[in-house]
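Since the structure comes first, as structure tokens, the remarks are kept for the end.
The values are calculated or read from the model by the stated rules, or taken from the named source; none is laboratory data. Owing to the predicted nature of the structure, the values given are computational and were not obtained by experimental measurement. Neighbour counts are summed over all protein chains in view; Cβ atoms, including those assigned to glycine, are modelled from backbone coordinates with ideal geometry. What goes into the accessible areas is simple: the full protein's heavy atoms, side chains included, and nothing from ligands, DNA or RNA. Shrake-Rupley method; radii C 1.70, N 1.55, O 1.52, S 1.80 Å.
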Amino acid sequence: MGRRALLGGYLVAAIVVVAPASATSVTPADPASAVLAAPPVTIEPSPEPEPSREPLAQAPPATNFAAAMVDAANAAVPKGVTSGIAVMDLRTGQLATSGTEQFYSASLSKLMLIVDMLDRDVELTPAVQDQISRALGPSDDNAMNSLWVRFDGPTAMDRVAGSVGMVDTHGSGDRSQWGEVVVSPVGYARLYQHIMTEMHPDDRNIIVKSLAGAQPAAADGFNQGFGLLGLPQTVTKQGWMYYGNRLYLHSAGVVGTGTDQYAVVLMTSQAASAGAARANVSALANAIMSAMPAPAGVTAISR
């Protein structure tokens, strides 16, 4: 059994008051001195008011915070870093993006697989739930490997990209390499929009709870405490993968609370120096946060 079992106008009346015509006349001895009836008295209606010539006040244009956040991050991209940035306002759907359009996913494909599993309403045994938590929180590769084989990972990448509408996203040419799934910042922002606004609440809670459990130390010992991870009011999936002499280092999540939520995707390809690369992605994340609207109550944290 599945888990989802007028215009108000002016009424102007002309009121005419006429002295009674039947007032009594007295005939005096001299007819010339007869008393005449009083003439009628007319009350004119008030003139209609002149229309105002002042222009109507116009509401100020809405601020595109997504674009402002992307602009702030762009200004913080260090020299030599290949970046792709996307921000989507989850309330209005406004989307802003810049930079490179496609990257290898590294561990970002783990979230894609789990969304596919939940959308297909697969059976969630305790063992599967544990693997989901480990794949999303500490980014455990062994848990991902098991889920990849059991739940048709290679086909799931194209399936979820198509069903959700993740542009510029497709499976790896090598079906065994989930880290080489091709993803885009815009497509991944759309994935988070699907999670936060379209998925069944029970399924969404599984994902958010697992992501919220991420700690700086990943299962493989890599320090995933960079970018969005650890900033206030965020849930995020981190990704890293050495490929040749490059390090693919990504941070993608949701920031803010209530109606002020944004999907933020930071993808990079950098020189293979983990410490410097982490600092670069954190600089982008802090720049993004500094441009967020005040209602979100999020402040930048330097690391």
Within the range 52-190: Cβ-based charge dipole about Cα centre, in debye rounded to nearest 20 (Lys, Arg +1; Asp, Glu -1): 280 debye
Separation of alpha-carbon centers, the range 84-124 and the range 150-212, rounded to whole Å: 5 Å
Per principal axis, descending, Cα span of the range 84-177 in whole Å: 39, 32, 25
Range of Cα positions in the range 122-266 per principal axis (Å), largest first: 40, 34, 33
Carbon and sulfur %, accessible surface of the range 86-138 computed with the full protein complex present, 1.4 Å: 44 percent
Only Lys, Arg (+1) and Asp, Glu (-1) charged, at Cβ; the range 169-303 dipole about Cα centre in debye: 240 debye
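If you take the Cα Rg of the range 173-212 and divide it by 2.2 N^0.38 Å, with N the number of residues, what do you get? All intermediate terms of the calculation are to be shown ahead of the outcome.
Working: Rg = 12.8 Å, N = 40, 2.2 N^0.38 = 8.9 Å.
The range 173-212 yields a ratio of 1.43.
Let me check something: with ligands and nucleic acids excluded, how do His250, His200, His194 order by accessible area (1.4 Å probe), largest to smallest?
In descending accessible area the options line up as His200, His194, His250.
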The range 72-169 - accessible surface per residue (Å², probe 1.4 Å): 40 Å²
Gyration tensor verdict on the range 131-175 (Cα atoms; rounded if a/c is under 1.5, prolate if a/b is larger than b/c, oblate otherwise): prolate
